[in-house]
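Take this structure first; my questions come after.
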Amino acid sequence: MQNEALIPYLGVVTDIRVDTPDVKTFRVVSAADGQKLFEHIPGQCAMVSIPGVGEAMFSITSSPTNREYMEFSIKKCGCLTSWLHQMEVGQYVTVRGPYGNGFPVEGAFKGKDLLFVAGGIGLAPLRSVINYCRHYRENYGTIDIVYGSRSMEDLVDYQEILEEWSKEEGVNVHLTIDREQPEWNGHVGFVPNFVTELAFEPTKTAILCGPPIMIKFTLAGLEQMGFPKSQIFTTLEFRMKCGIGKCGRCNIGNQYICKDGPVFRLDQLAELPDEY
Amino acid sequence: MQEVIKQKAIELLSSGKADRVLGWKEGEFFYDITPAVFTDVKEIEEKFVYNAFCGPNFSKYLVAESRKDGKIAVFLKPCDTYSFQQLLKEHRILRDKVYAVGIPCDGMVDIEKIRQKKIKGITGVTEAGEVLQIDTIYGKKEVAKKDVLAERCENCKSKKHVVYDELIGEEGDVLDSHRFDLVEKIEAMSEEERFAFWQNELSRCIRCNACRNVCPACTCEKCVFDNPASGIDQKAAADSFEEKMFHIIRAFHVAGRCTDCGECSRVCPQNIPLHLLNRKFIKDINEFYGEYQAGADMETRAPLTDYQTDDCEPSVILTKGDQ
Amino acid sequence: MKKISLEKLNALFAEIAETKALYLPVDTETGAQYQKWEEGKTLSSALNTVRSAKDFFFPQTESLVHFKVEGKKIEIMDVRDEGAPFVIFGVRGCDVKSFELLDRVFLQDPVDTYYQNRRNNAIIVSLACSEPEETCFCHSFGISAADPAGDVTAWIKDGEIIFRANTEKGEQLLAPLPLEEGGEAKAEEARSEIEAITKKLPLQNLPLEKFKAENLMDFFNDPKWASLSQSCLGCGTCTFVCPTCHCFDIRDFDTGHGVQRFRCWDSCMYRDFSQMAAANPRLSQLERFRQRFMHKLVYYPANHEGRFLCVGCGRCLSRCPISMDIVKVIKELGGERDAK
């Protein structure tokens, strides 16, 4: 019998990193041979599950250029994610995927100046793309990363941002937090305003991920700055069960987020119902 | 009668006594009638109907409708008024936002029963006294109305309206129905027979939730069967035990509040006689605590939420259960 | 073509059932239902079954995979089986068409092997509709009640049942059976009679022309959804009796000895269908109601070369507790309603 998309692989958690008070990053390899479970494109997702607890879609936050393992950065917000946050190294999980279209890193992004805008856990799906583009640095122009969170403690991947991203030539990191903090001497304010203040050239390709309210206001700002819709990409999330465009719930219009998304260009979204 | 009710609807709307009218809207055929909120006179003139296929009980819609701006007029058949009053008693409907018009009912027809008589391709039905003249694409047919009445109407418990602001037609009486006959028959079965009876009926359940969603006694903001934290929110029966759980738990939840309006059985796409579960509870309550009809009045306390020193002892219930 | 007297039909069923499981519509107290044939069961005369034939390929619940959980370790157990060939006898044209529409979902890459196994094992004998109901509107979707598809097509006429094999599977089914040659003339007669009745059906020529991908946003934003969905109870009846509705949920069931992951029917009419931990993009019944009909009339056609996800079987017309069905939606949104 041929392989079945709804039967998962077995993975084992080999490392758990505490990113913020409510975000942890889990490193997963195959339980069978200790290798990476499968290859993926930046922006693609996988269904991770603990049998008996639940199964949900998470973006793969590690870059495909990592040949050894995959990582998932997961925010604690429901039943399954709470369970995942309590687990220890050595725990088995089931994983199936990769799902979705991913970002056009080998297409529309090539040769472009890239502007990443993320809020909170929204950095998770972008981390994979950012590290991919850093790996193949020569294929892309300058990389700007605007990232904000509620507080300093809530900045995901802060160590990696400071120690790797910020130090790389051609990569400009702009961090912000919502409210003043004594030990913070960077920018304070919301992401959409910060993006406007930074006055980027509208020739860049913008990639957005974050809470709906951040997306909404950042989009307004970008459009005002003259960014055409065809140069703005974002990812959507929805309740998903199958991951393969059959179970029927994650559609906006005739597009299934699990299969045709989660990455959409703004001009594509403009032609679809505003039901997300 | 339809004309009188229609004129009343128009009068209520145009006089400003009501801002909206909850009534029945015609469909493609004679029998596929949809509950609808009318806000303009022209629409009432064209689409408002009242005939022997106006089964839906509007009471439950009033939970949401009475929370909207303005006043809503509603037409209630005698049995609907029991559900309405029960919901008033439970403080689920805002009384001053509703103008209730009691309307007479000669019993509603079950289109399924007409189909069971091998009458196919029904395009129209005319009521001629006790007889229904049926037009079909295969010619004209006739049936006696009493042979195709909905089960709940065959065993009508009351032609009396227990609450209203205005009454159209003459007031009827509480009837001496035979609604517990079948319950008695099931009680008389052996335990094995009874189990087999319910297993046969309930195994057809497809968990569409129509019975629960239509039930005027089911007005929880979040049903336990929809709550992921309850552990029993499965949408399908994982095994044959699950269906029993769903229907029996539901019957327990509405016990003492169910007015026996029969909507659950009307809507069941698998024709499961769900009302029998509720009637068993009603019959038991009557026997244990004295005659009680949910929704019959605003004052009496429901037996299951009330304690009297002469209440029967739990052991009585246990003994009865042993039989 | 081949034929046999209706009196010998039960003997024919016995013959088929010798080698394969045979399912057919059987009359029960509560309408016709598909049942496995055994001695004493006879073919229903009802036009259609209460539940659709999709159950054969997309059952209400099915196990997907089992897990054994021990400490931190998990073991995966594949519970699929190859199944065995079976025959479904007496499927109406509408339900046969629904298989084709479901194939486009479940057999599209990545293939759903659970569905595929059953589909491959099935031999479908369709039966022309001698007496269509007023709720039938298959004609609107280009389906012929008089000459349905399937591996074998059958007609009942003047005490005889006539068979025509349409596929190799069908040929193989008929070959060993004790049938007589002939029946062409009677089949033709039955066909033209049914076509004549079809023309008299009240729900013909529904205004479907405007339901196209390019009008997606127009339909989505139509203010009429509010009144159409107004009294919807939010139950799943329409979706569960529908031969083409195929949304499902995947859930885990802890048996105490392990975890069964199963799939079960789900309904877009339910609130929790799209509920996420923190948000729900379809909060009101209007949005859920709209999703169902947009899926059938606009989204699916947009992805499948204009095919509608409806076969006009009429089950939702007779089962919706409040009689709000796809015909009313099509008439209300697709054009002016006929003056009565």
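Determine, yes or no, whether B:Asp135 is touching a Ser or Thr at 6+ places or on another chain (Cβ under 7 Å) and of a type in the set (Asp, Glu). Please lay out each step first, then the result.
Details: touching a Ser or Thr at 6+ places or on another chain (Cβ under 7 Å): yes; of a type in the set (Asp, Glu): yes.
Yes.
Of all residues in the range A:15-53 being small (Gly, Ala, Ser) and surrounded by fewer than 19 Cβ atoms within 10 Å (Cβ to Cβ), which is farthest from the other protein chains (Cβ to nearest Cβ)? Can you show your working first?
Initially, the range A:15-53 is screened for residues small (Gly, Ala, Ser), giving A:30-32, A:34, A:43, A:46, A:49, A:52.
From what's left, surrounded by fewer than 19 Cβ atoms within 10 Å (Cβ to Cβ): A:30, A:32, A:34, A:52.
On the way: A:Ser30: 12, A:Ala32: 10, A:Gly34: 15, A:Gly52: 4 Å.
Among those residues, the one meeting the criterion is A:Gly34.
Now for a separate question. Conditions: (1) within 14 Å of chain A (Cβ to nearest Cβ); (2) of a type in the set (Phe, Trp, Tyr); (3) touching a strand residue (DSSP E or B) at 6+ places or on another chain (Cβ under 6 Å); (4) farther than 24 Å from C:Ser318 by Cα. C:Trp155 meets all but one. Number of the miss?
(1) is the only condition that C:Trp155 fails.
Which residue pairs have Cβ atoms under 8 Å apart, sit 6 or more places apart or on different chains, and have a first residue in the range C:258-277 that is modelled with pLDDT of 90 or more and a second that is of a type in the set (Asp, Glu) and in a helix (DSSP H, G or I)?
Partner pairs satisfying both residue conditions: C:Tyr270/B:Asp226.
Could you please find all residues in the range B:144-156 being part of a strand (DSSP E or B) and crowded, with 18+ Cβ neighbours inside 10 Å? Don't jump to the end; show me each part of the working.
Initially, the range B:144-156 is screened for residues part of a strand (DSSP E or B), giving B:144, B:149.
Answer for the range B:144-156, where residues must be part of a strand (DSSP E or B) and crowded, with 18+ Cβ neighbours inside 10 Å: just B:Leu149.
A further question on this structure: Could you check the range B:180-207 and list, in sequence order, the residues that are among the hydroxyl-bearing types (Ser, Thr, Tyr) and either at positive phi or more than 14 Å from chain C (Cβ to nearest Cβ) (or both)?
B:Ser190
Same structure, new question: B:Tyr82 passes all but one of (1) in contact with a Phe, Trp or Tyr (Cβ under 9 Å, 6 or more places away or on another chain); (2) at pLDDT 95 or above; which number fails?
The single condition B:Tyr82 does not satisfy is (1).
Return the only residue of C:Lys169, C:Lys210 being assigned to a helix (DSSP H, G or I) and in contact (Cβ under 8 Å) with a residue 24 or more places away in the chain.
Details: C:Lys210 fails: assigned to a helix (DSSP H, G or I).
That would be C:Lys169, the only listed residue that is assigned to a helix (DSSP H, G or I) and in contact (Cβ under 8 Å) with a residue 24 or more places away in the chain.
Given the condition more than 12 Å from chain B (Cβ to nearest Cβ) and touching a Pro at 6+ places or on another chain (Cβ under 8 Å), answer yes or no: does some residue in the range C:250-257 qualify?
Residues of the range C:250-257 that are more than 12 Å from chain B (Cβ to nearest Cβ), as a first pass: C:256-257.
Still in the running and touching a Pro at 6+ places or on another chain (Cβ under 8 Å): none.
No: zero hits.
Shifting gears a bit: Considering the range C:287-310 alone, what residues qualify as being hydrophobic (A, V, I, L, M, F, W, C) and facing chain A (nearest Cβ under 10 Å)?
Residues of the range C:287-310 hydrophobic (A, V, I, L, M, F, W, C): C:289, C:293-294, C:297-298, C:302, C:308-310.
Across the range C:287-310, the qualifying residues are C:Met294, C:Val298, C:Ala302.
This table checks each residue for (1) surrounded by fewer than 24 Cβ atoms within 10 Å (Cβ to Cβ); (2) under 17 Å from C:Gly236 (Cβ atoms).
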{"position": "C:Ala279", "(1), (2)": "yes, no"}
{"position": "C:Glu287", "(1), (2)": "yes, yes"}
{"position": "C:Val298", "(1), (2)": "no, no"}
{"position": "C:Leu309", "(1), (2)": "no, yes"}
{"position": "C:Ile326", "(1), (2)": "yes, yes"}
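Same structure again: What number goes with the only condition from (1) without any contact (Cβ under 8 Å) to a residue 60 or more places away in the chain; (2) over 26 Å from B:Cys258 (Cα atoms); (3) β-branched (Val, Ile, Thr) that B:Val148 does not pass?
Going through the list (1) without any contact (Cβ under 8 Å) to a residue 60 or more places away in the chain; (2) over 26 Å from B:Cys258 (Cα atoms); (3) β-branched (Val, Ile, Thr), B:Val148 breaks only (2).
Listed here are the residues, each with its yes/no results for (1) of a type in the set (S, T, N, Q); (2) loosely packed, with under 15 Cβ neighbours inside 10 Å; (3) touching a residue at least 12 places away in the same chain (Cβ under 8 Å).
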site	(1), (2), (3)
C:Glu184	no, yes, yes
C:Ala190	no, no, yes
C:Lys200	no, yes, no
C:Leu206	no, no, yes
C:Asp249	no, no, yes
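Still on this model: Can you name the strands (runs of 3 or more DSSP E) wholly within the range C:1-88 that have at least 2 residues being within 23 Å of the chain's Cα centre (by Cα) and within 14 Å of chain A (Cβ to nearest Cβ)?
Hits in the range C:1-88: C:61-70.
Can you spot a residue in the range C:259-268 that is touching a strand residue (DSSP E or B) at 6+ places or on another chain (Cβ under 6 Å) and more than 10 Å from chain B (Cβ to nearest Cβ)?
yes
I would also like to ask the following. Can you find, within the range C:61-79, the residue that is modelled with the lowest pLDDT among those that are within 26 Å of C:Ser267 (Cα to Cα) and surrounded by 16 or more Cβ atoms within 10 Å (Cβ to Cβ)? Explain how you work it out, then say what you get.
Here is the first cut: in the range C:61-79, the residues within 26 Å of C:Ser267 (Cα to Cα) are C:61-66, C:79.
Now restrict to residues that are surrounded by 16 or more Cβ atoms within 10 Å (Cβ to Cβ): C:61-62, C:64-66.
On the way: C:Thr61: 88, C:Glu62: 91, C:Leu64: 92, C:Val65: 93, C:His66: 94.
Only one residue fits best here, namely C:Thr61.
Continuing with this model, one more query. Scan the range C:225-247 for residues that are within 7 Å of another protein chain (Cβ to nearest Cβ), touching a residue at least 12 places away in the same chain (Cβ under 8 Å) and on the phi < 0 side of the Ramachandran plot and jot them down. Even if it seems obvious, please write down each step before you answer.
Filtering the range C:225-247 for residues within 7 Å of another protein chain (Cβ to nearest Cβ) gives C:230-231, C:233-237, C:240-241, C:246-247.
Among the residues that remain, those that are also touching a residue at least 12 places away in the same chain (Cβ under 8 Å) are: C:231, C:233-237, C:240-241, C:246-247.
Answer for the range C:225-247, where residues must be within 7 Å of another protein chain (Cβ to nearest Cβ), touching a residue at least 12 places away in the same chain (Cβ under 8 Å) and on the phi < 0 side of the Ramachandran plot: C:Ser231, C:Leu233, C:Cys235, C:Gly236, C:Thr237, C:Phe240, C:Val241, C:His246, C:Cys247.
Also: Out of curiosity, is B:Thr123 closer than 29 Å to C:Asp27 by Cβ, touching a Lys or Arg at 6+ places or on another chain (Cβ under 7 Å) and within 13 Å of another protein chain (Cβ to nearest Cβ)?
Working: closer than 29 Å to C:Asp27 by Cβ: yes; touching a Lys or Arg at 6+ places or on another chain (Cβ under 7 Å): no; within 13 Å of another protein chain (Cβ to nearest Cβ): yes.
Judged against the criteria, B:Thr123 is not a match.
Also, quick follow-up: Please find, within the range B:39-55, the residue that is nearest to the other protein chains (Cβ to nearest Cβ) out of those that are farther than 25 Å from C:Leu203 by Cβ and not in a helix (DSSP H, G or I).
The residue in question is B:Thr39.
Restricting to the range C:204-224, and then to whatever is closer than 19 Å to C:Cys310 by Cα and among the hydrophobic types (A, V, I, L, M, F, W, C), can you tell me which residue is farthest from the other protein chains (Cβ to nearest Cβ)? Quick ask: steps written out before the conclusion?
We begin by selecting, within the range C:204-224, every residue closer than 19 Å to C:Cys310 by Cα; these are C:204-213, C:215-216, C:219-220.
With the extra rule that they be among the hydrophobic types (A, V, I, L, M, F, W, C), the set shrinks to C:206, C:208, C:211, C:213, C:216, C:219-220.
Details: C:Leu206: 11, C:Leu208: 16, C:Phe211: 12, C:Ala213: 7, C:Leu216: 6, C:Phe219: 10, C:Phe220: 5 Å.
Taking the candidates together, the pick is C:Leu208.
Another question about this same structure. Looking at C:Ala32, C:Ala46 in this structure, which one is within 27 Å of C:Pro148 (Cβ to Cβ) and modelled with pLDDT of 90 or more?
On the way: C:Ala46 fails: modelled with pLDDT of 90 or more.
Only one candidate passes the filter, namely C:Ala32.
Same structure, new question: For B:Asp106, only one of the following conditions fails: (1) under 25 Å from C:Asp27 (Cβ atoms); (2) of a type outside the set (Ser, Thr, Tyr); (3) assigned by TED's automatic domain parsing to the domain that holds B:Lys17. What is its number?
B:Asp106 satisfies all of (1) under 25 Å from C:Asp27 (Cβ atoms); (2) of a type outside the set (Ser, Thr, Tyr); (3) assigned by TED's automatic domain parsing to the domain that holds B:Lys17 except (1).
The values are calculated or read from the model by the stated rules, or taken from the named source; none is laboratory data. The structure displayed is predicted, hence computed values, not measured ones. When we count neighbours, we look across all protein chains shown, and the Cβ atoms used for this are built from the backbone with ideal geometry, even at glycine.
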